[in-house]
Amino acid sequence: MAAKGKVTGIIANLITVEVHEPVKQNEICFVDVKGVKCKAEVIKVIGKTAYAQVFESTRGLKVGNEVEFTGQLLEVKLGPGMLSRNYDGLQNDLNKMQGVFLKAGDYTNPLEDEKEWDFKPLVKAGDEVQAADWIGEVKEGWIPHKIMVPFSHKGKARIKSIVEAGKYKTKDTVAVISDENGNDTELNMFMHWPVKIAVTNFKNKPRPFKIMETGMRTIDTINPIAEGGTGFIPGPFGCGKTVLQHALSKNAEADLIIVVACGERANEVVEIFEEFPELDDPRTGRKLMERTIIICNTSNMPVASREASVYTGMTIAEYYRAMGLKVLLLADSTSRWAQALREMSNRLEELPGPDAFPMDLSAVIANFYSRAGFVNLHNGKTGSITFVGTVSPAGGNLKEPVTESTKKAARCFYALNQERADGKRYPAIDPLESYSKYLEYQEVQDYLEKKIEKGWVDKVLSVKDTILRGMEARDQINILGDDGVPIDYHITFNKAEVIDFIILQQNSFDKIDASCSLDRQRYMLNMVKEICDTDFSFDHFEEVSTYFKKLIQMLREMNYSEFQSDKFKDMEKQARELIATKRSQT
């Protein structure tokens with residue numbers, strides 16, 4: 001029998017409940033608000049008092065109202081039919097809801113129980129299986145959706161029976177398994193899993209060893225992110241975080257995209273709903289939305305559901321990773337998630353940390369980021385979750401607690417620079433503030449040397465050094481004036497400009513330049529590196545700027561031309577002839 005309790009205190013959407021029966025942390029309960037059953041989650045239990053965060057507005061709730069506990073944790077329903085869906089943080093299908101505003105207590109089924117799927121068995125009677133093993137397959141869009149033994153299953157089991165290939169509903173029994181004690185369990189096409197418990201049904205989880213190609217030079221070349229890696233993008237408003245995420249979604253080497261709009265303003269969330277269905281998928285030639293799941297919580301929704309949304313997104317990502325897929329999980333913005341944690345911590349009257357965030361903020365963020373990763377499955381296949389979150393630091397302050405805590409957990413740091421954004425130098429990723437710790441991994445270095453060329457990491461570090469020297473030269477020129485510094489300062493500065501315009505900047509609206517293959521990135525970096533290593537001779541500083549502007553324009557035309565096309569080769573020839581005219585003969 002379900003436990004019941006009475007509301008004894010209300011602080012916004014945090015309620016205290018007196019209960020005389022056992023309840024668990026993260027257990028779901030329903031509180032009666034004006035006759036409507038509103039979902040809540042237990043976040044703390046002290047003696048007979050349970051603290052619960054309500055996922056709805058608590059307006060009209062009174063002390064003494066009844067609370068009914070379900071015995072279940074906050075969980076999601078996982079099965080075929082999730083692709084192309086728009087969910088809220090509790091996995092309610094927003095397309096099934098009516099009206100302009102969401103109604104309290106209105107919860108929808110995230111899957112289509114009555115839809116029939118073409119099921120193909122992958123095992124036979126007598127086969128031994130365990131949790132997360134594949135027993136069948138259905139076609140979900142163009143993705144082969146694996147039907148698995150539930151993650152909650154303990155120990156080994158044998159297939160007692162499995163249906164033949166044919167059309168079945170998600171709720172139909174497709175297999176029966178017998179555990180080691182002889183107990184039978186009927187399996188259908190869906191399962192439930194608690195969102196705050198990581199899925200660990202895999203063989204092992206090695207360190208990421210190969211990079212995930214994103215098609216963006218400033219990431220792949222300068223600060224690559226590994227497949228199964230973690231990164232985050234902090235930056236002030238208007239620096240291009242959303243466009244950057246769109247570019248990653250379109251061009252990244254991923255099978256599936258999950259976008260979590262966590263606590264963003266409603267108009268920005270609406271833009272995601274409007275723009276994503278219109279984006280073309282360069283990999284399939286179809287619409288990007290066909291392999292995308294959107295989970296959204298706007299800033300005016302209760303903070304509790306905002307906090308749940310990132311966990312919902314990660315759990316769905318873990319489900320698809322168990323199918324051997326490469327999943328890209330994007331969260332915008334994790335700052336809003338941290339703010340939700342702060343609000344609940346304050347209402348619980350916990351000891352505040354810096355800027356009133358919870359004392360364990362770093363641990364919570366690190367624990368969440370650790371759920372991403374590259375895994376080896378029991379059947380020899382591999383899967384990965386690459387997680388990239390955005391952070392919106394107040395006033396662009398990169399020293400605030402959320403940014404600092406995320407820095408400790410994420411391996412890649414892509415700092416957006418207001419000055420670069422104002423100068424229309426997109427993507428506005430600062431090449432010196434940003435970093436990728438994956439470049440320090442020996443296995444990643446070995447992969448890059450094998451995939452691209454020998455000495456690649458050293459070449460990238462040399463280019464970064466040239467950028468730094470160029471910025472130092474620019475500062476000296478600004479202080480002392482154009483004619484107050486040696487010509488070498490102007491040459492150094494303009495060499496850094498060549499790297500900026502040709503490698504760092506990229507036009508996401510150009511059909512060719514929007515995505516750059518690794519082979520092309522290698523070719524262009526080698527050419528730019530060759531220019532940076534060349535000794536030039538000029539008679540006057542005014543010649544330097546004019547010369548390099550002309551050279552940059554030729555190289556940009558190469559970026560806008562099909563790789564190794566006649567136009568590409570012609571522009572390269574002209575550029576090399578121009579370089580020869582000013583190459584120092586000494």
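Of the residues that make up segment 511-525, is at least one without any contact (Cβ under 8 Å) to a residue 24 or more places away in the chain, over 25 Å from E213 (Cα atoms), surrounded by fewer than 18 Cβ atoms within 10 Å (Cβ to Cβ) and not assigned by TED's automatic domain parsing to the domain that holds L416? I'd like the intermediate steps shown before the answer.
We begin by selecting, within segment 511-525, every residue without any contact (Cβ under 8 Å) to a residue 24 or more places away in the chain; these are 511.
Now narrow it down to the ones that are over 25 Å from E213 (Cα atoms): none.
Checked against the condition, which is being without any contact (Cβ under 8 Å) to a residue 24 or more places away in the chain, over 25 Å from E213 (Cα atoms), surrounded by fewer than 18 Cβ atoms within 10 Å (Cβ to Cβ) and not assigned by TED's automatic domain parsing to the domain that holds L416, segment 511-525 yields no hits at all.
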TODO: Starting from segment 427-445, keep only residues that are closer than 16 Å to G228 by Cα, then list their pairs with residues that are of a type in the set (F, W, Y) and assigned to a helix (DSSP H, G or I) whose Cβ atoms are within a distance under 7 Å, requiring at least 6 positions of separation or different chains.
DONE: V444/Y438
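For residues in segment 24-73 being small (G, A, S) and part of a strand (DSSP E or B), which is farthest from I11 (Cα to Cα)? Give the steps one after another, and end with the answer.
Filtering segment 24-73 for residues small (G, A, S) gives 35, 40, 47, 50, 52, 57, 60, 64, 71.
Okay, now just the ones that are also part of a strand (DSSP E or B), so 40, 50, 52, 71.
Details: A40: 14, A50: 14, A52: 10, G71: 24 Å.
Filtering first and then ranking leaves G71.
Kindly provide the set of residues from segment 549-576 that are closer than 17 Å to H490 by Cα and in contact with a Phe, Trp or Tyr (Cβ under 9 Å, 6 or more places away or on another chain), ordered by number. It would help to see each step written out before you state the result.
Step one: of segment 549-576, the residues closer than 17 Å to H490 by Cα are 549-552.
If the condition is that a residue be closer than 17 Å to H490 by Cα and in contact with a Phe, Trp or Tyr (Cβ under 9 Å, 6 or more places away or on another chain), then I552 is the only one that fits.
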TODO: Please enumerate the residues belonging to segment 49-77 that are surrounded by 22 or more Cβ atoms within 10 Å (Cβ to Cβ), among the aromatic types (F, W, Y) and over 19 Å from D106 (Cβ atoms).
DONE: F69
- [ ] Determine the pairs where a residue that is in the same structural domain as C532 (by TED's automatic domain parsing), located within segment 464-475, has a partner that is surrounded by 16 or more Cβ atoms within 10 Å (Cβ to Cβ) and among the small types (G, A, S) with Cβ atoms under 9 Å apart, the partner being 6 or more residues away or on another chain.
- [x] T466/A496; I467/A496; L468/A496; R469/A496; G470/A496; M471/A496; A473/A496; R474/A496
Open item on the list: Looking at Q506 and the list (1) surrounded by fewer than 19 Cβ atoms within 10 Å (Cβ to Cβ); (2) in contact with a Cys (Cβ under 9 Å, 6 or more places away or on another chain), which single condition is not satisfied?
Closed with: (1)
Open item on the list: So in segment 170-204, with the set limited to residues that are basic (K, R) and surrounded by fewer than 16 Cβ atoms within 10 Å (Cβ to Cβ), which one is farthest from D458 (Cα to Cα)?
Closed with: K171
- [ ] Test P80 against the stated conditions and say whether it is in contact with a His (Cβ under 6 Å, 6 or more places away or on another chain) and surrounded by 14 or more Cβ atoms within 10 Å (Cβ to Cβ).
- [x] yes
Open item on the list: Among the residues of segment 205-232, what is the count of those that are small (G, A, S) and surrounded by fewer than 23 Cβ atoms within 10 Å (Cβ to Cβ)?
Closed with: 0
- [ ] Test S561 against the criterion of being in a loop (DSSP other than H, G, I, E, B), at pLDDT 95 or above, farther than 17 Å from T581 by Cα and not aromatic (F, W, Y), and give yes or no.
- [x] yes
Open item on the list: So E227 passes all but one of these: (1) modelled with pLDDT under 95; (2) under 33 Å from the mean Cα position of the chain (by Cα). Which condition number does it fail?
Closed with: (1)
- [ ] Being farther than 15 Å from F548 by Cα and among the basic types (K, R) is the filter here, so list the residues in segment 482-520 that pass it.
- [x] K511, R520
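Go through R556, R576 for me and flag whichever is assigned to a helix (DSSP H, G or I) and closer than 23 Å to F509 by Cα.
On the way: R576 fails: closer than 23 Å to F509 by Cα.
It is R556.
Check every one of the helices (runs of 4 or more DSSP H) wholly within segment 306-424 and list those with 2 or more residues that are aliphatic (A, V, I, L, M) and touching a residue at least 24 places away in the same chain (Cβ under 8 Å).
Working: elements: 334-347, 361-369, 401-409, 418-422.
Because the criterion is at least 2 residues that are aliphatic (A, V, I, L, M) and touching a residue at least 24 places away in the same chain (Cβ under 8 Å), the helices (runs of 4 or more DSSP H) in segment 306-424 that meet it are 334-347, 361-369, 401-409.
This table checks each residue for (1) at pLDDT 95 or above; (2) under 23 Å from K381 (Cα atoms); (3) of a type in the set (A, V, I, L, M, F, W, C).
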{"site": "K167", "(1), (2), (3)": "yes, no, no"}
{"site": "V174", "(1), (2), (3)": "yes, no, yes"}
{"site": "E180", "(1), (2), (3)": "no, no, no"}
{"site": "M191", "(1), (2), (3)": "yes, yes, yes"}
{"site": "P194", "(1), (2), (3)": "yes, no, no"}
{"site": "K203", "(1), (2), (3)": "yes, yes, no"}
{"site": "P206", "(1), (2), (3)": "yes, yes, no"}
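If you check L377 against the conditions, is it surrounded by fewer than 19 Cβ atoms within 10 Å (Cβ to Cβ), more than 24 Å from L439 (Cα to Cα), hydrophobic (A, V, I, L, M, F, W, C) and assigned by TED's automatic domain parsing to the domain that holds I294? Before the answer, list the steps.
Values: surrounded by fewer than 19 Cβ atoms within 10 Å (Cβ to Cβ): no; more than 24 Å from L439 (Cα to Cα): yes; hydrophobic (A, V, I, L, M, F, W, C): yes; assigned by TED's automatic domain parsing to the domain that holds I294: yes.
No; evaluated as a whole, the condition is false for this residue.
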Task: Number of the exception - S462 against (1) modelled with pLDDT of 95 or more; (2) crowded, with 17+ Cβ neighbours inside 10 Å; (3) of a type outside the set (D, E, K, R) - done: (2)
Task: Set S309, S333, S345: member being surrounded by fewer than 23 Cβ atoms within 10 Å (Cβ to Cβ) and within 24 Å of E404 (Cβ to Cβ) - done: S345
Open item on the list: Of the conditions (1) at pLDDT below 95; (2) not in a loop (DSSP other than H, G, I, E, B), D570 satisfies every one except a single condition; which number is it?
Closed with: (1)
Open item on the list: Checking the conditions here, which among D483, D446 is out of contact with any helix residue (DSSP H, G or I) (no Cβ under 9 Å at 6 or more places or on another chain), exposed (fewer than 14 other Cβ atoms within 10 Å of the Cβ) and either over 29 Å from M359 (Cβ atoms) or not assigned by TED's automatic domain parsing to the domain that holds I531 (or both)?
Closed with: D446
Task: First in segment 181-208 and acidic (D, E), second anywhere and part of a strand (DSSP E or B), Cβ under 9 Å, 6 or more apart - done: D184/K160; D184/V176; D184/I177; D184/S178; E186/A175; E186/V176; E186/I177
Task: Single condition P80 does not satisfy, out of (1) modelled with pLDDT of 95 or more; (2) part of a strand (DSSP E or B); (3) within 29 Å of the chain's Cα centre (by Cα) - done: (2)
- [ ] Among the strands (runs of 3 or more DSSP E) lying completely within segment 164-281, list those that include at least 1 residues that are more than 28 Å from S309 (Cβ to Cβ) and charged (D, E, K, R).
- [x] 166-169, 175-179, 184-187
- [ ] From the list I11, I15, pick out the single residue that is surrounded by fewer than 17 Cβ atoms within 10 Å (Cβ to Cβ), aliphatic (A, V, I, L, M), more than 30 Å from M189 (Cβ to Cβ) and not assigned by TED's automatic domain parsing to the domain that holds V270.
- [x] I11
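The values are calculated or read from the model by the stated rules, or taken from the named source; none is laboratory data. Model, not experiment: these values are computed from the prediction. Quick reminder, even Gly has a Cβ in these numbers, built from the backbone with ideal geometry, and neighbours come from all protein chains shown.
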